[in-house]
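Q: Supplied in structure tokens, the structure appears directly below.
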Ligand code: S3P
């Protein structure tokens, strides 16, 4: 499907973005491992999270939709059953990495696969610590693990592990394996990454503590099903934060967005660029902070983004690059080599697509350099079947002169199924 986008200004509206993708995945997985019912409100019905539901149904978990809620009938820590079919995670790296931590400890064997993009995403980062814990993961190439692969469940032992890359997915896989392991597991993060796993598991009865950059996971005998309210996804809200800043004469109010500090790098960066953005009505639901975000037309300046801020905004870099095209001066994004192993090589796809709009943008080894301030011109932009590239280019198109066409535009269904409806109604 192709999507046409035209320029818009004078936007004054209130938007509720769909549920957080990271929290939605975790609510299904942890609900499956808990005793009793987990009732999920605000679950993201995007393709990635539906892949997680389908995998856990194949592992014997009853998961039902009841009006606007998802109900997971958990079977406790030892209730999963051997899947009769291959578990297909589709495009979802979060499903593949996190489920591997769980399956590594089950008394059965599982086969895992996914789409063409997932088959290129590195799994060594998960296999290395899980193998140290005693797990058996077997792919076509033992040195470099990629999907499809097989996990033979084993009895695991706790380890102390320093993550070589700051990755919440890898951290979460180890934490999940630790639930089944003998003894304590200790994980040291090079930089803080999103902590939704720790928050939700503790909410369900786990014993996970953080001191500095070290996470201590102590085994517990049981997790308990809970009601989970999923906050709006700040990564989805980010597109509208940038629209609010760069479209002329506009004010956008984004309701009930998750503002967990491990995710709010986008707000800090837009503020540092001179963005007129504020958080109101803060509260906490199931351990996660939420708030309303108000954003108004701003005159943005270039900035430097790198270091420990990168994990706090890793998924927002494509749309930050769009904001930087509309900012005066130079923006440098560095230390972001992880972008190369996302749904697409996002350093390359962002730079090559924004160039088509006439942006002055250069690819570097670990990020990009953007010289902003010149108007963008509508063009035909490819999504590379990457949802965040499609949405970022749609934001560029909304603020560029003329008409923009996004090709393979339907990939937004991965994380934000009603994205174009909201965009068209602005
Ligand atoms: C996610 C963690 C991040 C992020 C991904 C979702 C998660 O990946 O890019 O979209 O839910 O844990 P890494 O932790 O591998 O950087």
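Q: Between segment 372-426 and segment 290-317, what is the separation of their alpha carbon centroids in Å?
A: Cα centres, segment 372-426 to segment 290-317: 19 Å.
Q: Could I ask something else about it? Could you work out [θ]222 nm for the chain from helices alone, using -39500 (n - 2.57) per DSSP H run of at least four and dividing by all its residues? Round to the nearest 500 deg cm²/dmol. Provide the component values of the computation, followed by the final result.
A: Numbers: 12 runs with 124 residues, N = 426.
Roughly -8500 deg cm²/dmol at 222 nm, from the helical runs in the chain.
Q: Assuming R0 = 35 Å, what is the FRET efficiency of residue 261 and residue 227, from their Cβ-Cβ distance, to the nearest 0.05?
A: Numbers: r = 23 Å, r/R0 = 0.67.
After rounding, the FRET efficiency stands at 0.90.
Q: Still on this structure: Calculate the translational D of segment 1-133 in whole µm² s⁻¹ from Stokes-Einstein, where the hydrodynamic radius comes from the Kirkwood formula applied to all Cα pairs, the temperature is 25 °C and the viscosity 0.890 mPa s. Don't skip to the answer; put the middle values down first.
A: Working: Rh = 16.4 Å.
D, rounded to a whole number, is 150 µm²/s.
Q: Using packing as a proxy for protection, rank 66-74, 196-204, 148-156 so that the peptide with the highest average count of other Cβ atoms within 10 Å comes first. Write out the running numbers ahead of the final one.
A: Numbers: 66-74: 15.9, 196-204: 22.3, 148-156: 17.6.
Final packing ranking: 196-204, 148-156, 66-74.
Q: What distance in nm lies between label points placed 7 Å from Cα along the C-beta direction at residue 119 and residue 308?
A: 4.1 nm
Q: In a Gaussian network model over the chain where Cα atoms closer than 10 Å are linked, find which of 78, 142, 348 has the largest mean-square fluctuation.
A: 142
Q: Still on this structure: With the chain treated as a Gaussian network of Cα nodes joined by springs under 10 Å, which of 304, 242, 295 yields the largest mean-square fluctuation?
A: Sorting by GNM fluctuation, first place goes to 304.
Q: Along the Cα-to-Cβ line of residue 348, 7 Å from the Cα, sits a label point; which residues in segment 295-339 have backbone N less than 18 Å from it?
A: 318, 336-339
Q: How far apart, in nm, are two points set 7 Å out from the Cα along the Cα-to-Cβ line at residue 188 and at residue 211?
A: Label-label distance for residue 188 and residue 211, simple model: 1.4 nm.
Q: Give, in nm to one decimal, the length gained when the segment between residue 6 and residue 142 is fully stretched (0.36 nm per residue of separation minus the Cα-Cα distance).
A: Here the segment from residue 6 to residue 142 would lengthen by 44.1 nm.
Q: Let me ask another. Can you give the FRET efficiency to the nearest 0.05 for residue 282 and residue 66, using r as the Cβ-Cβ distance and R₀ = 30 Å?
A: Values: r = 30 Å, r/R0 = 0.99.
The formula returns an efficiency of 0.50 here.
Q: To continue, here is another question. Each label point is 7 Å from the Cα along the Cα-to-Cβ direction; what then is the distance between the points at residue 362 and residue 132, in nm?
A: 3.9 nm
Q: Grab the beta carbon distance between residue 340 and residue 108, set R0 = 45 Å, and tell me the FRET efficiency rounded to 0.05. Mind showing how you got there, number by number?
A: On the way: r = 34 Å, r/R0 = 0.77.
Efficiency at R0 = 45 Å is approximately 0.85.
Q: Now a separate question. Gaussian network model of the chain, Cα springs within a sub-10 Å range: biggest mean-square fluctuation belongs to which of 195, 144, 286?
A: Answer for the Gaussian network model of the chain: 144.
Q: Relative to the longest principal axis of the chain, what angle (0 to 90°, nearest 10) does the C-alpha long axis of helix 346-356 take?
A: 20 degrees
Q: Tally the DSSP beta bridges in segment 121-256 and give the antiparallel ones as a percent, rounded to 5. Don't jump to the answer; show the numbers that get you there.
A: On the way: 12 of 16 bridges.
Of the beta bridges lying entirely in segment 121-256, close to 75 percent run antiparallel.
Q: Going highest first, how would you order 391-404, 91-104 by mean Cβ packing within 10 Å?
A: Details: 391-404: 24.1, 91-104: 26.1.
Answer by packing, highest mean first, reads 91-104, 391-404.
Q: Another question, if that's okay. What is segment 285-426 by shape, rounded, prolate or oblate, if you read a ≥ b ≥ c off the alpha carbon gyration tensor as root eigenvalues and call it rounded for a/c under 1.5, prolate for a/b larger than b/c, and oblate otherwise?
A: On the way: a/c = 1.20, a/b = 1.01, b/c = 1.19.
Here segment 285-426 falls in the rounded category.
Q: If you don't mind, another one. For the chain, place one equal point scatterer on every Cα, skip the solvent, and apply the Debye formula. What is log10 of I(q)/I(0) at q = 0.09, 0.11, 0.12 Å⁻¹?
A: Log10 of I(q)/I(0), two decimals: -0.53, -0.80, -0.95.
Q: In degrees from 0 to 90, rounded to the nearest 10, what is the angle of the helix 93-103 Cα long axis to the longest principal axis of the chain?
A: 10 degrees
Q: Then there is this: How much of the DSSP bridge set in the chain is antiparallel, in percent, rounded to the nearest 5?
A: Numbers: 57 of 80 bridges.
Close to 70 percent.
Coordinate-derived values only; no laboratory data. Bear in mind that the values here come from a model prediction, so they are computed numbers and not experimental data. Here the Cβ is made from the backbone with ideal geometry for all residues, glycine too, and neighbour counts use every protein chain on show.
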